[in-house]
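Student: Here it is: the structure, laid out below.
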Amino acid sequence: MNRKVLMGNEAIALGAIRAGVGVALGYPGTPSSEVLETIARENKPGIYAEWSVNEKSALEIGAGAAMAGERALVTMKQVGLNVASDPLMSLNYLGVKGGMVVMVADDPGPISSQTEQDTRCFGQYAKLAVFDPSSPEEAYTMIADAFECSEETGRPVLFRPTTRVCHSYASVELLDATDSSKTCGFERDSGRWVIFPRLTYANHIEIERGLRGLADKFSDYRGNEMRGSGRRGIASGGVSWLYVLEAYGEIGVECKLLKVSTVPFPARMGAEFLQGLDEVLVAEELDPVIERELIMLCGKLGIQTRIMGKLSGHMPCAGENTPDGVRQAMENFLGTGENCPPDGKSHAAAAPPAIPLRPPVLCAGCPHRGSFFAVKEATRGRKAVFSGDIGCYTLGNALPLDMLDTCLCMGAGITMAQGLHRVEPDALDFAFIGDSTFFHTGIPGVINAVYNGHEIIIAVLDNSTTAMTGGQPHPGTGKTLMGRDAPRMSIYDILKSIGVDDLQRVNAFDLAASKAAVTRAMEARGVRAIIFEGECITLSKKNRGNACMVDEHLCSGCSLCVRKLGCPALSLRGKSARIDADSCTGCGLCKPLCATRAIIGGDDR
Amino acid sequence: MTNCLIAGVGGQGTVLASRLISSTALECGLNVRGAETIGMAQRGGSVLSHVRMGKSIASPLISPGQADIVLAFELCEAARTLRYLKADGLMIACDRVIQPASGYDPAAMLDILRSSAGRLMVLQSEAIAETCGLRALNVALIGAACACGAFPFSVGDMERVIDTRFDAERSKMNKSALRFGETLASAGRNRRGNGERHGDD
């Protein structure tokens with residue numbers, strides 16, 4: 001027996017390899033990123049993997065490969081699906097030949113996301129089947145089921161884990177590879193692969209028929225299950241199912257259980273579950289998908305079973321479920337709340353002491369701190385709006401930097417700045433964007449600004465990586481996911497070719513030069529851009545120099561360095577500033593701030 | 001079933017620590033399940049790794065009041081994680097202080113730990129830093145936990161896992177940190193009142 005501790009995303013990757021995936025593509029996004037990284041690391045012969053420039057590109061490349069008969073996996077986070085929704089909606093009407101699985105990781109909480117959207121609902125809207133695993137080991141086998149389902153139906157399939165599946169881990173038993181049909185290549189057939197209204201109408205009928213077939217078939221699918229007996233029932237899916245199982249064992253009151261891991265809903269199994277039930281509690285995250293299906297089924301069957309969940313206010317409508325939250329809801333539902341208190345109560349539970357919050361911050365030695373601070377200093381006293389974007393630099397909004405006024409979605413900073421300026425032409429409108437985001441969806445916004453004559457200042461924060469998601473390469477890094485060399489695309493040259501003539505590049509750690517560049521841009525007109533260059537501190541050890549130190553005899557204790565930069569290595573101890581030698585990377589950004597020159601050491605860059 | 005929580009600040013190596021513990025438990029024939037904090041919080045925020053080891057485990061998350069052992073790599077994070085500890089659970093904390101933006105008083109935080117934790121062992125981060133380097137603080141605390149019999153495996157079991165996971169140099173470094181943590185804990189246990197404290201002492 002070959003057992004291994006696998007993170008959910010590793011299990012999905014190994015499951016896809018086992019299922020014979022040939023092409024794997026995606027764009028990084030928490031909590032999905034480790035799937036492609038694992039496929040690349042495994043580096044199996046015959047499997048191609050890439051970080052595409054964005055999710056739409058990834059999905060379209062996957063569509064091409066699947067049309068040519070290859071098994072394709074496309075990975076992204078839930079908001080990435082919004083970017084890829086155009087090709088996915090249409091692709092369902094054309095269909096695929098090789099199995100195509102679109103893995104979309106949802107993020108209840110949210111823990112690292114802009115939205116709490118539910119990809120199961122997207123599946124219903126786009127008329128696609130969805131597989132929803134509850135654990136790493138289930139995800140490992142379910143991804144093969146998803147490929148098979150895609151090939152049997154000839155349509156793309158969604159695979160929707162959530163953060164607590166992607167980033168949880170478990171002992172997983174590794175299995176032999178499944179039999180998968182081999183690629184046959186693309187066969188020309190314009191009646192099949194070219195989307196036209198007539199074809200769409202004909203295929204719409206086929207899609208609906210396919211979904212009806214799946215709703216029936218999924219009642220026998222091993223991922224959906226029913227157990228127990230009684231007049232009360234608990235329905236669940238995803239990681240909440242594990243919370244239900246854990247509490248069910250501890251509470252020890254018999255009831256019926258239903259696990260649903262598919263869209264379309266397994267209607268026959270659902271009807272059997274509802275038989276003889278007075279009440280049902282539904283424990284699921286994000287949208288009340290299972291709850292609605294059960295309510296509809298009650299209406300269809302003409303039965304009076306009471307369905308309790310998010311819609312009825314019995315479960316929280318937002319945020320992630322927790323094992324104790326689900327247990328509490330189950331105890332209330334089963335009427336055991338008072339007889340069966342949670343055992344092993346914590347000592348501290350009675351009066352929890354106040355513990356200071358520790359929100360995420362820009363790292364010590366992060367080049368973005370220098371860029372933000374330079375813009376802040378240069379724009380002091382001026383009316384200015386700072387549009388941000390998605391990445392580590394979103395953390396620039398935190399005090400004391402406080403340098404982000406807006407953040408919406410990937411690539412929106414550059415375009416929103418144009419709208420803001422249209423309404424308030426007397427303001428300076430800055431748009432901060434990272435290098436990977438620039439390639440993802442930033443470029444069209446720049447083209448729009450130049451074409452339509454908008455007055456904005458673009459600040460590209462180029463740290464040579466996709467930092468927030470763990471340091472993935474992108475077109476500006478000269479490397480691919482598979483580790484091959486690639487042409488290194490210059491953001492400077494791209495901006496130049498678009499027609500951004502007022503263009504500067506500056507070392508993000510050089511405060512004086514950075515401030516001068518910003519001041520220059522502020523005095524000019526039209527579309528101006530400054531590229532702040534500085535490698536991400538997490539990329540390599542070579543970025544770490546000798547730590548700075550505070551000469552306590554010279555330090556006046558004014559705490560300016562602590563209050564202005566928000567560097568996690570800086571704090572105030574007694575009457576002197578203090579630099580944590582382990583955290584400090586010696587970037588020296590704090591040195592010019594000190595009037596008494598008390599900060600010494602570090603490396604000059 | 002053993003429920004272990006590992007608390008720290010993003011960048012302190014909680015993920016590696018939980019991987020080492022869970023891999024060793026697997027090697028010893030147990031099932032494991034757990035969850036990591038990965039994403040935005042890794043940028044210097046509070047991070048928490050859940051590790052559950054036993055025969056049959058459903059949830060990857062440990063509920064408040066259910067942890068048998070908490071390993072805390074930072075003082076304030078130790079206090080934050082107290083609510084997860086069982087009444088008779090063991091808290092092994094390190095007195096390393098990484099100040100969040102709002103700041104805190106380390107002495108007050110230590111008082112919270114002393115008055116609340118069932119069994120508490122506080123290890124000196126300076127001693128660990130001098131001997132092993134702060135990078136190996138995570139492994140040193142695992143060594144201390146092993147010495148307290150907190151895990152369903154021995155230091156030797158973990159050394160074998162370390163050998164398979166790292167190159168010779170890093171393996172040597174991690175094993176010496178593991179043994180140093182073990183020594184610290186044993187010394188602390190012998191010096192009553194200075195090391196492991198019982199709530200009712």
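Student: I'd like the residue in region A:563-587 that is assigned to a loop (DSSP other than H, G, I, E, B) and charged (D, E, K, R) and, out of all such residues, is farthest from the chain's Cα centre (by Cα).
Tutor: So the residue we want is A:Lys575.
Student: Go through region B:25-46 and give me each residue that's facing chain A (nearest Cβ under 9 Å) and open to solvent by 10 Å² or more (accessible area, probe 1.4 Å).
Tutor: Passing the criteria: B:Leu26, B:Leu30, B:Asn31, B:Arg33, B:Thr37, B:Ile38, B:Met40, B:Ala41, B:Gln42, B:Arg43, B:Gly44, B:Ser46.
Student: Of the conditions (1) in a helix (DSSP H, G or I); (2) closer than 30 Å to A:Pro110 by Cβ; (3) touching a Ser or Thr at 6+ places or on another chain (Cβ under 8 Å), A:Tyr248 clears all except one; give me its number.
Tutor: Among (1) in a helix (DSSP H, G or I); (2) closer than 30 Å to A:Pro110 by Cβ; (3) touching a Ser or Thr at 6+ places or on another chain (Cβ under 8 Å), the lone unmet condition for A:Tyr248 is (3).
Student: Among (1) closer than 16 Å to B:Ala17 by Cβ; (2) free of Cβ contacts under 8 Å to residues at least 40 places away in the same chain; (3) open to solvent by 40 Å² or more (accessible area, probe 1.4 Å), which single condition is B:Arg135 missing?
Tutor: Failed condition: (2).
Student: Then there is this: Does region B:63-84 include one or more residues that are crowded, with 23+ Cβ neighbours inside 10 Å, within 21 Å of A:Leu242 (Cα to Cα) and either at pLDDT below 95 or not hydroxyl-bearing (Ser, Thr, Tyr) (or both)?
Tutor: yes
Student: Right, next: Which one of A:Val460, A:Val518 is buried (at least 20 other Cβ atoms within 10 Å of the Cβ), in a strand (DSSP E or B) and more than 14 Å from every other protein chain (Cβ to nearest Cβ)?
Tutor: Checking each option against the conditions leaves just A:Val460.
Student: Next question, about the same structure. Does A:Arg155 qualify as being part of a helix (DSSP H, G or I), buried (at least 23 other Cβ atoms within 10 Å of the Cβ), of a type in the set (Lys, Arg) and more than 14 Å from chain B (Cβ to nearest Cβ)?
Tutor: no
One line per residue, one yes/no per condition, for (1) part of a loop (DSSP other than H, G, I, E, B); (2) within 14 Å of another protein chain (Cβ to nearest Cβ); (3) touching a Phe, Trp or Tyr at 6+ places or on another chain (Cβ under 6 Å); (4) surrounded by fewer than 21 Cβ atoms within 10 Å (Cβ to Cβ):
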| residue | (1), (2), (3), (4) |
| --- | --- |
| A:Met226 | no, no, yes, yes |
| A:Ile234 | no, yes, no, no |
| A:Glu254 | yes, no, no, yes |
| A:Val280 | no, no, no, no |
| A:Ile295 | no, no, no, yes |
| A:Cys298 | no, no, no, yes |
| A:Ile303 | yes, no, no, yes |
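Student: Answer yes or no: is there a residue in region A:186-206 that is in contact with a His (Cβ under 9 Å, 6 or more places away or on another chain) and outside any helix (DSSP H, G or I).
Tutor: No, there is no match, as no residue in region A:186-206 is in contact with a His (Cβ under 9 Å, 6 or more places away or on another chain) and outside any helix (DSSP H, G or I).
Student: Need the failing condition index for B:Tyr104 against (1) farther than 26 Å from A:Ala170 by Cα; (2) open to solvent by 20 Å² or more (accessible area, probe 1.4 Å); (3) within 8 Å of chain A (Cβ to nearest Cβ); (4) part of a helix (DSSP H, G or I), just the number.
Tutor: Going through (1) farther than 26 Å from A:Ala170 by Cα; (2) open to solvent by 20 Å² or more (accessible area, probe 1.4 Å); (3) within 8 Å of chain A (Cβ to nearest Cβ); (4) part of a helix (DSSP H, G or I) one by one, B:Tyr104 breaks only (4).
Student: On the basis of being without any contact (Cβ under 8 Å) to a residue 40 or more places away in the chain, in a helix (DSSP H, G or I) and either within 24 Å of A:Gly325 (Cβ to Cβ) or in the same structural domain as A:Gly8 (by TED's automatic domain parsing) (or both), does A:Leu258 make the cut?
Tutor: Against the criterion (without any contact (Cβ under 8 Å) to a residue 40 or more places away in the chain, in a helix (DSSP H, G or I) and either within 24 Å of A:Gly325 (Cβ to Cβ) or in the same structural domain as A:Gly8 (by TED's automatic domain parsing) (or both)), A:Leu258 does not qualify.
Student: What number of residues within region B:156-186 are closer than 20 Å to B:Ala127 by Cα and either open to solvent by 40 Å² or more (accessible area, probe 1.4 Å) or touching a Leu at 6+ places or on another chain (Cβ under 7 Å) (or both)?
Tutor: Adding up the residues that qualify gives 12.
The values are calculated or read from the model by the stated rules, or taken from the named source; none is laboratory data. Fair warning: this is a prediction, and the values are worked out from it, not measured in the lab. Every residue, glycine as well, gets a Cβ built from its backbone with ideal geometry; the counts of neighbours run over all protein chains shown. Just so you know, the surface numbers come from the protein's heavy atoms only, side chains and all, with ligands and any DNA or RNA stripped out. Shrake-Rupley method; radii C 1.70, N 1.55, O 1.52, S 1.80 Å.
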